[in-house]
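The values are calculated or read from the model by the stated rules, or taken from the named source; none is laboratory data. From a predicted model like this one, the values you see are computed outputs, not experimental measurements. Cβ placement follows ideal geometry from the backbone for every residue including glycine, while neighbour counts extend to all protein chains displayed.
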Amino acid sequence: MPENDLALLTEAAKAAGRIALSFFKEDPQVWEKPGQGPVSEADLAVDAMLSEMLRSARPDYGWLSEETADDGTRLTTRRQFIIDPIDGTRAFLEGSRDWSHSLAVIEDGKPIAAVVYLPARSDTFAAASGQGATHNGAPIRASGDVAMAKAQVLTTKPTLNPANWLGTPPAFKKGYRSSLAYRMALAASGRFDAMLSLRKTWEWDIAAGALIVEEAQGRATDRTGAALRFNNAHPQVDGVVAGGVATQEALIDALA
């Protein structure tokens, strides 16, 4: 197995992509998870492979995955894998290319290695603590100072409800992608200036993206501006706002 965590995650993500693509547009079996939406046999196959590959390579790491029952033993470990086998399952089932594998290693509550891989797009976003962030091997950087009226922000329509803002909702240009991890990667790359989700957010959706944004010289916090911490007993955080520092701070300041 690769000796460093980023290399391990990259290898695992590519293996996950091969499995997922074997089900893509092939009408996989689907179930509904109460309150969480659909899960397919592809999600479960990817989860099983990642669990076997990653946990055998790092047996002392804890494990948190959207598709694995959480027994709480991860809370006794210093390092953990936080995994979303397929982030954007609805997009996957609809035949869209905007789904990803989101893989992160956490140490003392902070991501230290991360990969967001979109096999249908052949896009790999990656980062390791102190080593910068990349897209398909090339360095990336979050956007600089952008006027809010010109900022491009990935979010959902309900976010613009006036109740979410101190005044009139900002007049940014709204975009959307199904996968939260992909939204964060796009914000890290500067292709969008920021992303935000104001609902309670599962850690597996954003752990990898948070490090990629930070290593791209951006900022990622919860909706209040507080630092994101992972491996919580209940693995959710209070929303996420991420992107270029200036745009991210402007959004935080404008939120109610």
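Taken across segment 8-15, residues that are of a type outside the set (D, E, K, R), in contact with a His (Cβ under 7 Å, 6 or more places away or on another chain) and in a helix (DSSP H, G or I) do occur, with at least one present. Being touching a Lys or Arg at 6+ places or on another chain (Cβ under 8 Å) and of a type outside the set (A, V, I, L, M) is true for just one of GLY243, GLY225. Which residue is that? Only one candidate passes the filter, namely GLY243.
Inspect segment 33-49 for any residue being under 19 Å from VAL213 (Cα atoms) and outside any strand (DSSP E or B) and give the result as yes or no. Scanning segment 33-49 turns up no residue that is under 19 Å from VAL213 (Cα atoms) and outside any strand (DSSP E or B). Looking across segment 188-205, the residues that are of a type outside the set (Ser, Thr, Tyr) and without any contact (Cβ under 8 Å) to a residue 60 or more places away in the chain come down to GLY190, ARG191, PHE192, ASP193, ALA194, MET195, LEU196, LEU198, ARG199, LYS200.
Using the structure shown, decide if ALA69 is free of Cβ contacts under 8 Å to residues at least 60 places away in the same chain, part of a helix (DSSP H, G or I) and more than 27 Å from VAL213 (Cβ to Cβ). No, not satisfied.
On inspection, GLY167 does not qualify as more than 14 Å from the chain's Cα centre (by Cα) and in the same structural domain as ARG18 (by TED's automatic domain parsing).
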